[in-house]
Amino acid sequence: MKKSVVLLFSCLALVLSGSLLAQPEAAGQTSGEEIMSESVRPLNPGKPGRVHRRQVATSFTGQVLGHQKELELSEKQITDIRNVESELRKDIIKFRADQKIKRLELSELLQQAEINFEQVRAKQKEITALDEKISQRRIDAWEKIYNILSPEQKNKLKEIKQKK
């Protein structure tokens, strides 16, 4: 009987951990392609203002650099914005890697013969905390980019957004 219960819990843990790892959206993961699509890359370096077609429409960096001619961004502003965006991407990659490790640890906890659900809850909280860090880091980056713009550029950006 005891072997059957252990076997049942092992199967359950395997199924649960497999579903967590196999469904990144359900578990709050983002694929590497999605992380990369959040950035803005010129389609053609010789044509400023054109952004990569996979760029996320809600990306603040994309909104700003996508209208760099209309906003009359200086080369220094463009460089500064790209640097902020690059640092954001690096941080997101690190946070996502940490999340993957924590998900593996969660999977290991679920595969133990005796599952400690307090540890499982604690590990899940760690994963969720990393999502919160990513969200906060994005807001910080948007604030830095916003502060790079002059008051006139901020007003122009607001007008551009209202036209949509």
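The values are calculated or read from the model by the stated rules, or taken from the named source; none is laboratory data. On a predicted model such as this, the values are computed, not experimentally measured, just so you know. Cβ sites come from the backbone with ideal geometry, for glycine too, and all protein chains shown count toward neighbours.
Tabulated data
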quantity: When residues of region 83-107 are limited to those that are among the charged types (D, E, K, R) and free of Cβ contacts under 8 Å to residues at least 24 places away in the same chain, the one farthest from residue 160 (Cα to Cα); calculated: 105
quantity: Check on residue 135, under 26 Å from residue 164 (Cα atoms) and modelled with pLDDT of 95 or more; calculated: no
quantity: Residue in region 135-142 that is within 20 Å of residue 90 (Cα to Cα), surrounded by 16 or more Cβ atoms within 10 Å (Cβ to Cβ) and out of contact with any Asp or Glu (no Cβ under 8 Å at 6 or more places or on another chain) present; calculated: yes
quantity: Criterion: free of Cβ contacts under 8 Å to residues at least 60 places away in the same chain and in contact with a helix residue (DSSP H, G or I) (Cβ under 8 Å, 6 or more places away or on another chain) - qualifying residue of 158, 125, 154, 163; calculated: 154
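Each row is one residue, and each column tells you yes or no for (1) surrounded by 14 or more Cβ atoms within 10 Å (Cβ to Cβ); (2) under 25 Å from residue 158 (Cα atoms); (3) at pLDDT 95 or above.
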site	(1), (2), (3)
55	yes, yes, no
62	yes, yes, no
66	yes, yes, no
76	no, yes, yes
97	no, no, yes
106	yes, no, yes
118	no, no, yes
121	no, no, yes
